[in-house]
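The values are calculated or read from the model by the stated rules, or taken from the named source; none is laboratory data. Since the model is a prediction, treat every value here as computed from it, not as a measurement. Neighbour counts are summed over all protein chains in view; Cβ atoms, including those assigned to glycine, are modelled from backbone coordinates with ideal geometry. Accessible surface areas use protein heavy atoms only, side chains included; no ligands, DNA or RNA. Shrake-Rupley method; radii C 1.70, N 1.55, O 1.52, S 1.80 Å.
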Amino acid sequence: MQGVKTLSEFIIERQEDFPFASGEFSRLMNDIVIASKIINREVNKAGLVEILGATENENVQGETQQKLDVFADEQFISALQNGGEACGIASEENDDFVAFDNERSKQGKYIVVFDPLDGSSNIDVNVSIGTIFSIYRRKTEIGQKAELKDFLQSGREQVAAGYVIYGSSTMLVYTTGNGVNGFTLDPSIGEFCLSHPNMKCPSNGKIYSINEGKRAEFSNAVQSYLDYVKEDDKSTKRPYACRYIGSMVADLHRNLLKGGIFMYPESKSAPNGKLRLLYECNPMGFIMEQAGGKAHSGSINIMDIEPESLHQRVPILIGSTEMVDKVLSYY
Ligand code: AHM
Ligand code: MG
């Protein structure tokens, strides 16, 4: 295996990035990796087993949950509870946060928030989906049960964030605030291997990603930008290409690698957009900033928002810095 660096090796190596690191963070990351591998296994056989299809439950946002969402949520919760490094979790699929009640977990220094399976409406059509996670230090005293204030932290306070994309290959991409690194799962050995060291988002690109069917509902600023991207101007590589999968992880992963902008802005019927600050926008914002890109709501940098509730939604413009700045110039 000469020349191959596995994610576990990389995490241990990078433990030194943390002053006074005692290995807890590395163990927490490994718990997340294990859950991701189990979810990957199930996603890969989604078309084969009965697990495919919607449950009767609706999540707190009133959307029908797919069965795989529930499975992924349970995997994450049990991996993190059994690992004992996190004192609690909050996830897109649960109405409230979960404070782990066992003695070991109460000693945990961290909390984890996650969207266990983002883009899950794409499962039954075999389109890429993803898991998004974000790690914070707890605010409450070690030894106590986690409280709401542990979870309502701004994106700037993230210790780490990452995503897993279940695509033509499965990749895990994460940052601890020292750049962004990507690992591809080698199914033959069951390990994520470093394949994309020090990922950088080009400062400009020629891809825009938005659900343009909702154009009439968008602000004048966004509509003006949508006119701009279609104008013919070779010097600025316009018209841009429109690429929208409807799976945030997949759209952002492509734009991160190739350069581009992803937008889920405010609209008349959804004044705060659709995507959730804690589970989707903050972690993706952290990764994008660490890759040299930018994440903005239209009025404030995403990671500067002080969250008021767990399931808060926020408009988002994210991707190549010059492209985000351009759309902001219309606001
Ligand atoms: P989900 O968390 O319920 O899966 O919803 C989030 C997804 C994103 O992955 C994607 O970018 C967006 O919803 C697509 O929404 P729309 O169909 O309104 O364009
Ligand atoms: Mg989601």
| task | Please go through region 260-293 and pick out each residue that is part of a loop (DSSP other than H, G, I, E, B), within 16 Å of ligand 2 (Cβ to nearest atom) and open to solvent by less than 10 Å² (accessible area, probe 1.4 Å). | result | G273
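With respect to G177, determine if the residue is farther than 23 Å from E13 by Cα and either open to solvent by 10 Å² or more (accessible area, probe 1.4 Å) or modelled with pLDDT of 95 or more (or both).
No.
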| message | Whether any residue in region 155-175 is away from ligand 1 (no atom under 16 Å from the Cβ), in contact with a Cys (Cβ under 8 Å, 6 or more places away or on another chain), among the basic types (K, R) and within 24 Å of E289 (Cβ to Cβ) is what I want to check. | response | no
| message | I'd like the full set of residues that are assigned to a helix (DSSP H, G or I) and free of Cβ contacts under 8 Å to residues at least 12 places away in the same chain, limited to region 182-215. | response | G213, R215
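K106 - would you say it is among the charged types (D, E, K, R) and modelled with pLDDT under 95?
Answer is no for this residue.
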| Answer residue from region 99-136, given it is among the hydrophobic types (A, V, I, L, M, F, W, C) and more than 13 Å from F76 (Cβ to Cβ) and is surrounded by the most Cβ atoms within 10 Å (Cβ to Cβ) among those | I129
| For region 243-258, which residues satisfy the criterion of being surrounded by fewer than 22 Cβ atoms within 10 Å (Cβ to Cβ) and more than 12 Å from ligand 2 (Cβ to nearest atom)? | R243, Y244, I245, R254, L257, K258
| query | Name the residues in region 294-323 that are in a strand (DSSP E or B) and open to solvent by less than 40 Å² (accessible area, probe 1.4 Å), would you? | reply | A295, H296, I316, L317, I318, G319
| message | Six or more apart or on different chains, Cβ atoms under 8 Å: show the pairs whose first residue is in region 104-123 and assigned by TED's automatic domain parsing to the domain that holds P283 and more than 11 Å from ligand 1 (Cβ to nearest atom) and whose second is open to solvent by 10 Å² or more (accessible area, probe 1.4 Å) and at pLDDT 95 or above. | response | none
| Breaking point among (1) assigned to a loop (DSSP other than H, G, I, E, B); (2) open to solvent by less than 30 Å² (accessible area, probe 1.4 Å); (3) among the charged types (D, E, K, R), for D96 | (2)
| query | Which ones in region 242-259 are assigned to a loop (DSSP other than H, G, I, E, B) and more than 21 Å from K326 (Cα to Cα)? | reply | I245, G246, S247
